[in-house]
Amino acid sequence: MHRGRVVFGAMDEVVFGRPASEALVAQLDRLGTRRAFLMVSGTLNRETDVIDTIRRALGSRCVGTFDAMPPHTPRSAVIAASEQARAADADLIVTIGGGSITDGAKAVQLCLANDIRSADDIDRIKAGRGGLPRLAAPTVRQISVPTTIAGGEFSSTAGVTNEKTKVKEALRHPLIMPRAVILDPWLAQHTPEWLWLSTGIRAVDHCVEGICSREAHPYGDAQALKGLSMLAQALPRVKAAAGDLDARMDCQIGTWLSTGPLASGVPMGASHGIGYVLGAEFGVPHGYTSCVMLPSVMRWNKSANAERQALVAAAMGHPNDDAGDVLDRFIRNLGMPRSLREVKVGPEHFDRIAQQAMATPWVPRNPRKIEGPAQVREILDMTA
């Protein structure tokens, strides 16, 4: 008998297939907000007219722009954005960019609500081993226009990197989930190919680890299997023709579906857990961590979940093949890295990575039980 609990988050709507400038005006009208603070990609702001177009569409309702969020959302940048949003008296945060910007705005919401004014103060709002701290609920909410396809805009968790410890820490609150997400395939054409395709593999990783979890259930499966099928077909189409808007839209919707397992309580596994460490400690981009780790994790796990892995291979169009091999070929054909060496992480670091990965939320819930760092090291050695 299946057992579980599905919690529907605090998101009002997802808008897809409309230009962001048009959809954002409609959202501000719907919400009655008058002071939108933009957190945006620096590249989009400085090298394209996308952000200017949105500012013009919002007019006097745009009260500021922050465009300096580095990868992996460091605490210092969260504080800088929070101070700017506070000074602007923002009543809404609008993000236009990738996952680090989306997570940064989630963190800013909590900083504004809980009077967090320094990097060290973030200790007061982070999730710890003892659970979640008591937090004042955000009143300044968020709308996200993602330009990458890792899917973080559909969750109520933010990953913020502590620069002192080089550890990515979780901030959580039901209301930091964006009130709306706008999926704009026209805007997405500005995203560099490597970033689009690699974050697409991050979304594939969400699907795959959700399907292969010991705690999988039909609600999550339905979304993850469809999302995986869409991504498997659409990512190569974008690589073949960057201007294929239908393929980009399919990638975006597939990514939305990829978050179904996590949103309904299904845990991720070792690919995500090890990826947290590679990102925070070594600066490996989110998407690349999945490109490198996922096939090896699948091969290591196969003795525990071969039947579930068969569902993955079938959803990707290769029902009689080994899922780890299918993923390996798929990632290689997109031109993405497939080894730790390619992302400049050498074996001399593996023991430290293995030790830190055990402290992540996901390695202890990997479908094949991981008893300690030595087994994480086995996976890393397969990926060297």
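The values are calculated or read from the model by the stated rules, or taken from the named source; none is laboratory data. Note that this is a predicted model, so its numbers are computed, not measured. Counting neighbours? That spans all protein chains shown, and the Cβs are built from the backbone with ideal geometry, glycine included. Quick note on the areas: whole protein, heavy atoms, side chains included, nothing else; ligands and nucleic acids left out. Shrake-Rupley method; radii C 1.70, N 1.55, O 1.52, S 1.80 Å.
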R124 out of contact with any strand residue (DSSP E or B) (no Cβ under 7 Å at 6 or more places or on another chain) and either surrounded by fewer than 21 Cβ atoms within 10 Å (Cβ to Cβ) or over 19 Å from I101 (Cα atoms) (or both): yes
Over the stretch 38-52, the set of residues of a type in the set (S, T, N, Q), within 19 Å of V78 (Cβ to Cβ) and assigned to a helix (DSSP H, G or I) is N45
Just wondering, is there one or more residues in the stretch 119-129 that are within 19 Å of the chain's Cα centre (by Cα), farther than 26 Å from A242 by Cα and modelled with pLDDT under 95? yes
Is there any pair linking a residue in the stretch 182-211 that is under 24 Å from G273 (Cβ atoms) and free of Cβ contacts under 8 Å to residues at least 60 places away in the same chain to one that is open to solvent by less than 10 Å² (accessible area, probe 1.4 Å) and not in a helix (DSSP H, G or I), with Cβ under 9 Å and at least six apart or on different chains, and which? A203/I149; A203/G151; G210/S264; G210/V266; G210/P267; G210/M268
Are any residues in the stretch 95-108 open to solvent by less than 10 Å² (accessible area, probe 1.4 Å), in a helix (DSSP H, G or I) and among the polar types (S, T, N, Q), and if so, which ones? T102
Working only within the stretch 354-384, note down all residues that are part of a helix (DSSP H, G or I), hydrophobic (A, V, I, L, M, F, W, C) and either surrounded by fewer than 20 Cβ atoms within 10 Å (Cβ to Cβ) or in contact with a Cys (Cβ under 8 Å, 6 or more places away or on another chain) (or both). A374, M382
Quick one: is V292 in contact with a Leu (Cβ under 7 Å, 6 or more places away or on another chain), surrounded by 24 or more Cβ atoms within 10 Å (Cβ to Cβ) and part of a helix (DSSP H, G or I)? yes
Which listed residue, of V167, V108, V94, V145, is within 21 Å of V277 (Cβ to Cβ), among the aliphatic types (A, V, I, L, M) and touching a strand residue (DSSP E or B) at 6+ places or on another chain (Cβ under 8 Å): V167
Return yes or no: is V297 in a helix (DSSP H, G or I), among the β-branched types (V, I, T), crowded, with 21+ Cβ neighbours inside 10 Å and free of Cβ contacts under 8 Å to residues at least 60 places away in the same chain? no
Which of the residues that make up the stretch 154-169 are at pLDDT 90 or above and buried (at least 16 other Cβ atoms within 10 Å of the Cβ)? F154, S155, S156, T157, A158, G159, V160, T161, N162, E169
So which residues in the stretch 134-153 are crowded, with 16+ Cβ neighbours inside 10 Å and either more than 18 Å from the chain's Cα centre (by Cα) or farther than 27 Å from I201 by Cβ (or both)? L135, P138, V140, R141
Between residues in the stretch 327-355 that are closer than 30 Å to A314 by Cβ and residues that are modelled with pLDDT under 95 and among the aromatic types (F, W, Y), which pairs lie under 8 Å by C-beta distance while being six or more apart or on different chains? V343/F282
Among R34, R55, R18, which is open to solvent by 30 Å² or more (accessible area, probe 1.4 Å), modelled with pLDDT of 95 or more and in a helix (DSSP H, G or I)? R55
Would you point out the residue of the stretch 58-94, among those that are in contact with an Asp or Glu (Cβ under 8 Å, 6 or more places away or on another chain) and in a strand (DSSP E or B), that is surrounded by the most Cβ atoms within 10 Å (Cβ to Cβ)? P74
